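Inspection log for the structure reproduced underneath, given as structure tokens.
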Amino acid sequence: MVLKLGISATPTAATIFKAFLSQGVSVNMAHKLVQLTLCLWVFTTLVLLPSPSAGLSRITLKKQRLDLKATRFARGILHNFASSDGEVIPLKNYMDAQYYGVIGIGSPPQNFTVIFDTGSSNLWVPSSKCYFSIACYFHSKYKSSRSSTYTKIGKPCEINYGSGSISGFFSQDNVEVGGLVVTDQVFIEATREGSFPTFMLAKFDGILGLGFQEISVGNATPVWYNMLNQGGVREDVFSFWLNRDPSASYGGELVFGGVDPMHYKGKHTYVPITQKGYWQFDMGDFLIGNHSTGLCVGGCAAIVDSGTSLLAGPTAVVTEINHAIGAEGVVSAECKEVVSQYGDLIWQLLVSGVQPDTVCIQIGLCLFNETHHMSVIKTVVEKENMEEELSVGDKVLCTACQMTVIWIQNQLKQKQTKDRVLNYVNELCKSLPSPMGQSVIDCARISSMPDITFTIADKPFKLTPDQYVVRAGEGIATVCVSGFTALDVPPPRGPLWILGDVFMGVYHTVFDYGNLEIGFAEAA
């Protein structure tokens, strides 16, 4: 799972409540945000099998609706699918937020529910040798002694996700995916699952990666590659359909080796893969209503990630989106301070022609050299090198300055007056995402919110408010959550957009391995 958006430690309800109160949030709102934060956590942590027909395997997907009391859903994370022998697996609906399915490992097969994740490339399930992780006791565990086709490898390994990690060792056995049997598949027996709430509360046992081998831990051959190599599918494509009807028992479908015409309208628009690893492509302009954000006019990197629930993008743009749709995050005092004290100066420097990526350095808010790229979040190596030089406060002010520059620059292109621009930017500060990335919305305002449009292969792909707002809970306890969460990926890979379930639920997606391209069509 690629950039699963998450937090490294699990906060208590009391800690979260105090944090919100310290930011000036009302007591009632703090209580709601605590509920939402805990709910959003599991989905922030990480990231179908029908009968075969002429080399095509269809996997029926089931979904879970989000239950605020039982699970959590957070910044970019899950969903996935599967089933067995073409039969739909009855799964509890939780909220268009988690899709998964069943596979079998070993002979006779031992069944596991897994996330089918295009943002990672390894297969792992809990091991019977997982003794010291609480999460393992809540999920099915693989027992090698019960399989006649097991082959010992034993090489240790570890996978780190955005909000959790697993470690264990490699093993080899047969894997059943729908009506297909993949022989001698190398997979990971997980003996430790970190960040226990993430895995313990999750409805899946493990993860089956559908990314490229280039990002496979231990260079293990992915299940999908072996399906092709062993002649299990007739075409080197697989496709996803996610049912976004929360009342439906049939949650979706993953088809290996083909495309089901019943689940899309018209023709697919295809865009080439630009970098193997994740399913990455170049995305064009990004619009709020009918107005360009200016960020992706020259192109932005994007990936399609079935292991992420929401839509993740650069903090500056996500903040503009959440402001435009009325989503509210925690107020950033540092952001407002930058606007009030340095807004005029930033305006003057940009108007006079100073390069945007040097403005914050010139006014002394960013002390490190960033002459090549502007990035809100630095790479791990850069962070380590700067640790001794910069305090946390310095870094926050630098981040706030960089976002302010982006916002002012975008407004300058629209020829707005300075006062109007600075007032607008000050309002954007209020829409900065909360510490865990989520932003809440007044459910009554959904009908008046703007559409959000992605440009892919020079064609518009629109999301309406009903499509990009995620509802958690039921009745008077319903909380509406923005489908946009902040994630800053530094150059050269970033800025990067992650199109998760919110997008894939609206657009049927084809992953064409043979032609190295991705296709999108309106889901039916």
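Would you say GLY178 is small (Gly, Ala, Ser) and closer than 22 Å to ASP501 by Cβ? It is true that GLY178 is small (Gly, Ala, Ser) and closer than 22 Å to ASP501 by Cβ.
Listed by first and then second residue, the pairs linking a residue in region 482-503 that is closer than 20 Å to ALA400 by Cβ to a residue that is open to solvent by less than 20 Å² (accessible area, probe 1.4 Å) and in a strand (DSSP E or B), with Cβ atoms under 6 Å apart and 6 or more places separating them unless they lie on different chains, are PHE484/LEU311; THR485/ALA312; LEU487/ALA312; VAL489/LEU496; PRO495/CYS300.
Picking from residues in region 314-338 that are in contact with a Leu (Cβ under 7 Å, 6 or more places away or on another chain) and buried (at least 24 other Cβ atoms within 10 Å of the Cβ), the one that is nearest to PRO495 (Cα to Cα) is PRO314. Within region 166-174, can one find any residue that is farther than 27 Å from GLU517 by Cα, at pLDDT below 90 and among the hydroxyl-bearing types (Ser, Thr, Tyr)? No - not one qualifying residue is present in region 166-174. For region 330-363, a residue qualifies if it is closer than 19 Å to ASN423 by Cβ and in contact with a Pro (Cβ under 8 Å, 6 or more places away or on another chain), and exactly one does: LEU350.
Checked across region 446-456, the condition of being under 21 Å from GLY289 (Cβ atoms), out of contact with any Asp or Glu (no Cβ under 8 Å at 6 or more places or on another chain) and either at pLDDT below 60 or assigned to a helix (DSSP H, G or I) (or both) holds for at least one residue. Within region 469-515, the residues that satisfy the criterion of being in contact with a helix residue (DSSP H, G or I) (Cβ under 6 Å, 6 or more places away or on another chain), under 20 Å from ASP285 (Cβ atoms) and surrounded by fewer than 24 Cβ atoms within 10 Å (Cβ to Cβ) are ASP488, VAL506. Residues in region 281-299 that are assigned to a strand (DSSP E or B) and either at pLDDT below 90 or open to solvent by 10 Å² or more (accessible area, probe 1.4 Å) (or both): ASP282, PHE286, LEU287, ILE288, HIS291, SER292.
Quick check on region 426-439. Is at least one of its residues of a type outside the set (Asp, Glu), touching a Cys at 6+ places or on another chain (Cβ under 6 Å) and under 26 Å from PHE520 (Cβ atoms)? Within region 426-439, not a single residue is of a type outside the set (Asp, Glu), touching a Cys at 6+ places or on another chain (Cβ under 6 Å) and under 26 Å from PHE520 (Cβ atoms). Considering every residue within region 454-462, establish whether at least one is under 19 Å from the mean Cα position of the chain (by Cα) and open to solvent by 80 Å² or more (accessible area, probe 1.4 Å). Yes, because at least one residue in region 454-462 is under 19 Å from the mean Cα position of the chain (by Cα) and open to solvent by 80 Å² or more (accessible area, probe 1.4 Å).
Just to be sure I understand the filter: pairs with C-beta atoms under 6 Å, separated by 6 or more residues or on different chains, first member in region 209-235 and on the phi > 0 side of the Ramachandran plot, second member open to solvent by less than 40 Å² (accessible area, probe 1.4 Å). Which pairs pass? As it stands, the answer is GLY218/CYS157, since those pairs meet every condition given.
Within region 247-258, identify whether any single residue is over 30 Å from ILE103 (Cα atoms), open to solvent by 10 Å² or more (accessible area, probe 1.4 Å) and not in a strand (DSSP E or B), and answer yes or no. Checking region 247-258: not a single residue is over 30 Å from ILE103 (Cα atoms), open to solvent by 10 Å² or more (accessible area, probe 1.4 Å) and not in a strand (DSSP E or B).
LEU242 falls short of the stated requirement of being in contact with a Leu (Cβ under 6 Å, 6 or more places away or on another chain) and either of a type in the set (Lys, Arg) or at pLDDT below 95 (or both). Within region 422-433, is even one residue within 23 Å of LEU310 (Cα to Cα), open to solvent by 60 Å² or more (accessible area, probe 1.4 Å), acidic (Asp, Glu) and modelled with pLDDT under 90? Looking for residues that are within 23 Å of LEU310 (Cα to Cα), open to solvent by 60 Å² or more (accessible area, probe 1.4 Å), acidic (Asp, Glu) and modelled with pLDDT under 90, one finds none in region 422-433, hence no. Test GLY277 against the criterion of being open to solvent by 10 Å² or more (accessible area, probe 1.4 Å) and outside any helix (DSSP H, G or I), and give yes or no. Answer is no for this residue. Each residue in region 132-158 was checked for being under 12 Å from GLY106 (Cβ atoms) and in a strand (DSSP E or B), and 2 pass.
Among the residues of region 171-185, those identified as open to solvent by 10 Å² or more (accessible area, probe 1.4 Å) and either within 21 Å of ASN219 (Cβ to Cβ) or in a strand (DSSP E or B) (or both) are GLN172, ASN174, GLU176, LEU180, VAL181, THR183, ASP184.
A quick yes/no check of all residues on (1) out of contact with any helix residue (DSSP H, G or I) (no Cβ under 8 Å at 6 or more places or on another chain); (2) at pLDDT below 95:
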{"residue": "LYS143", "(1), (2)": "yes, no"}
{"residue": "TYR150", "(1), (2)": "no, no"}
{"residue": "ILE159", "(1), (2)": "no, yes"}
{"residue": "GLY164", "(1), (2)": "no, yes"}
{"residue": "GLY179", "(1), (2)": "yes, yes"}
{"residue": "PRO197", "(1), (2)": "no, yes"}
{"residue": "PHE212", "(1), (2)": "yes, no"}
{"residue": "VAL217", "(1), (2)": "yes, no"}
{"residue": "VAL223", "(1), (2)": "yes, no"}
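Looking across region 160-170, just one residue is crowded, with 22+ Cβ neighbours inside 10 Å and of a type in the set (A, V, I, L, M, F, W, C), and that is ILE166.
The values are calculated or read from the model by the stated rules, or taken from the named source; none is laboratory data. Bear in mind that the values here come from a model prediction, so they are computed numbers and not experimental data. A quick note on method: Cβ atoms are made from the backbone with ideal geometry, for glycine too, and the neighbour counts reach across all protein chains shown. What goes into the accessible areas is simple: the full protein's heavy atoms, side chains included, and nothing from ligands, DNA or RNA. Shrake-Rupley method; radii C 1.70, N 1.55, O 1.52, S 1.80 Å.
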